[in-house]
Amino acid sequence: MSGILITGTSGFIGSALAEAIAQDHDVFCISRQKTEVEGVTAIQGDFTSLDDLRKLDPHRVDVVIHLAAVTGGGTEAEQLRVNVLGTHQLVRYFLAGGCKKFVLASSIAAVGFQSPLFRPLQLPMPDEHPCLDRMGYGFSKYMMEEVSRYLARQNEDLDFVNIRLASIAPDDRGLTPRKVGPVGQWAMGSISYMYLSDTVRCLTLAAEAAHKPGVRILNAVGTQACAEDTVPEIIRGWYGADADRIDLSHYTRPGHERDPVYEIHRIEEELGFVPERSVLGNEE
């Protein structure tokens, strides 16, 4: 049985994950708001505060699952302070205590799709598609990934799994597939969903996977784009003439017209994770 620290457990992903993982592991939680999960050791505090982190000193932490973050609605300064510098401090703290495995919740927004000016370099986007962000949040998540690379270069025995999570929907929410229309902010996020139960299973698999030194960056999205029209139709509707610069041939093969806009084969190879629930409303 491992000791697993989860940050951000007052949120709907963190609380569901803590409840699921507590069935098989000792779970410690830290969140600014109260954690409403039975069977865990919960600290109400800020992961960017060393005083609050010290409250966890009596407990052995073998794995850190880091979910807490300033999201896309925050200021650029707060996103960089919390998501980059705060994560650096968190990892340093538990690294000093002997922890060698860290699962970091990155985001598919790390590519920079928040801006309507974003254009992917290729589709489907690979796990390590570079950051082209203009608005702060994607850049902060990308830089969090770079923090893991930096620290891994200093200690070659560390295991970092950065999960670029999709837009996450509650299991009881039906999704409306997108049709052709104008591009807006977070456009790629509007067709790249995954349900909460799959997200919990994904993060659990990452935490429980055998130790593998190095840094992995893995996309985690549904097995289909949340789209009524085909992906090429939507991309051409969004980007107009710019769509001609993007190779859309992957989606012209029969049966692949609504494949996700993110590559997801590597996460299956690395963690054995395949989303079980269809974002189009039919079980796969």
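Quick notes on this one:
- Of all residue pairs spaced 6 or more apart or on separate chains, those with beta-carbon atoms under 6 Å, a first member in segment 263-277 that is under 12 Å from residue 203 (Cα atoms) and at pLDDT 95 or above and a second member that is among the hydrophobic types (A, V, I, L, M, F, W, C) and assigned to a loop (DSSP other than H, G, I, E, B) are 267/273; 271/209.
- Flag not set for residue 87, criterion: among the β-branched types (Val, Ile, Thr), over 28 Å from residue 195 (Cα atoms) and in contact with a helix residue (DSSP H, G or I) (Cβ under 7 Å, 6 or more places away or on another chain).
- Subset tally (residues that are of a type in the set (D, E, K, R), under 23 Å from residue 107 (Cα atoms) and either part of a loop (DSSP other than H, G, I, E, B) or at pLDDT below 95 (or both)) for segment 1-48: 2
- Contacts under 8 angstrom Cβ, first residue in segment 96-121 being surrounded by 24 or more Cβ atoms within 10 Å (Cβ to Cβ) and assigned to a strand (DSSP E or B), partner modelled with pLDDT of 95 or more and polar (S, T, N, Q), 6 or more apart: 102/148; 104/87; 104/148; 104/162; 106/162
- Helices (runs of 4 or more DSSP H) completely within segment 167-284 that count 2 or more residues being of a type in the set (Asp, Glu) and surrounded by fewer than 21 Cβ atoms within 10 Å (Cβ to Cβ): 265-271
- In the set (1) out of contact with any His (no Cβ under 7 Å at 6 or more places or on another chain); (2) of a type outside the set (A, V, I, L, M); (3) surrounded by fewer than 21 Cβ atoms within 10 Å (Cβ to Cβ), the condition left unmet by residue 41 is number (1).
- Extreme residue, surrounded by the fewest Cβ atoms within 10 Å (Cβ to Cβ), among residues of segment 49-89 that are among the small types (Gly, Ala, Ser) and in a helix (DSSP H, G or I): 77
The values are calculated or read from the model by the stated rules, or taken from the named source; none is laboratory data. Every value quoted in this text rests on a predicted model; they were computed, and no experiment measured them. Glycine gets a Cβ as well: all are built from the backbone with ideal geometry, and neighbour counts include every protein chain shown.
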